[in-house]
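K.L.:
What follows is a single structure, and I will ask about it in a moment.
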Amino acid sequence: MIKLRCSKKLFRRSSSKGSTAGGSSSSSSDGGDASSGGRGEIEWEVRPGGMLVQKRDGRPDVEVITVRVATGFSWLDVSIGATCTFAELKALLSTVTGLEPREQRLLFKGKEREDGDHLHMVGVRDRDKVLLLEDPALKDMKLRATLAAQTAQSPYQPFIKV
């Protein structure tokens, strides 16, 4: 975090109390916190790309959104971070639905989304709907495995085949 002190009016916060330029010097003796009455001191931070921006006050770094997930005939409301990926959403849904993440297919705005896609980059906002489908190939493999297990368990063979 970088703190810049400048006497230029461009970098000063406007206050309704009508603080003067000398009011900024008293803030250095009390620790220089920007939240101590708004004495014209602005806190700055450097973003990962190297851009110098004003530090955000009172906002959490991770915004939590609620995503409505349609699973056939039911709806699930899931709270997740806005910057999470679809893989993290699948992992969260696996605890609720019982489907493993590799068995799930998530569709948003009519397109299947990759596991590496971030929710906020694709455009998922609060209370948006995402469709959850079971992977048809894995569903077919499960069905064949259960049919093979049932025929192996039954010692009787049907006489008439239709």
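K.L.:
In Å, what Kirkwood hydrodynamic radius results for region 64-138 from the alpha-carbon pair distances? Intermediate results must be reported in sequence, preceding the final value.
P.N.:
Values: mean 1/r = 0.0826 Å⁻¹.
Computed over Cα pairs of region 64-138, the Kirkwood hydrodynamic radius comes out at 12.1 Å.
K.L.:
Go through region 65-151 and name the trypsin sites (Lys or Arg not before Pro) that are in a DSSP coil and have 14 or fewer other Cβ atoms within 10 Å of their Cβ.
P.N.:
Hits after loop and neighbour filter: Lys109, Arg125, Arg127.
K.L.:
Report the gain in length on full extension from Ala145 to Thr66: 0.36 nm times residue separation, minus Cα-Cα distance, nm rounded to one decimal.
P.N.:
Length gained, Ala145 through Thr66: 24.8 nm.
K.L.:
Any of Lys111/Lys139; Lys90/Lys129; Lys55/Lys129 with alpha carbons more than 24 Å apart? Name them for me. Walk me through the intermediate numbers first.
P.N.:
On the way: Lys111/Lys139 20 Å; Lys90/Lys129 14 Å; Lys55/Lys129 33 Å.
Going by Cα-Cα distance, Lys55/Lys129 fall outside the 24 Å limit.
K.L.:
Please sort by residue number the GluC sites (Glu not before Pro) in region 50-118 whose DSSP state is loop and whose Cβ has at most 14 other Cβ atoms within 10 Å.
P.N.:
Glu63, Glu114
K.L.:
For region 60-150, which chymotrypsin sites (Phe, Trp or Tyr not before Pro) are both in a DSSP coil and crowded by at most 15 other Cβ atoms within 10 Å?
P.N.:
Those that pass, being in a loop and sparsely packed, are Phe73.
K.L.:
Provide the net charge surrounding Arg102, with neighbours chosen by a C-beta distance below 9 Å and charges set as Lys +1, Arg +1, Asp -1, Glu -1. Could you put the intermediate results ahead of the total?
P.N.:
Working: positive: Lys90; negative: Glu100, Glu103, Asp135.
Taking every Cβ under 9 Å from that of Arg102, the sum is -2.
K.L.:
Let me ask you something else. Along the Cα→Cβ direction, 7 angstrom out, place labels at Thr95 and Phe73. What is the inter-label distance in nm?
P.N.:
2.7
K.L.:
Sort Ser79, Ser74, Ser94 by accessible area with a 1.4 Å probe, largest first.
P.N.:
Ser79, Ser74, Ser94
K.L.:
Along the principal axes of its C-alpha atoms, what lengths does region 88-127 span, in descending order and rounded to whole Å?
P.N.:
26, 18, 17
The values are calculated or read from the model by the stated rules, or taken from the named source; none is laboratory data. In this text the structure is predicted, and so the values were computed from the model without any measurement. Note: ideal-geometry Cβ built from the backbone for every residue, glycine included; neighbour counts use all protein chains shown. SASA here: full protein model, heavy atoms, side chains in, ligands and nucleic acids out. Shrake-Rupley method; radii C 1.70, N 1.55, O 1.52, S 1.80 Å.
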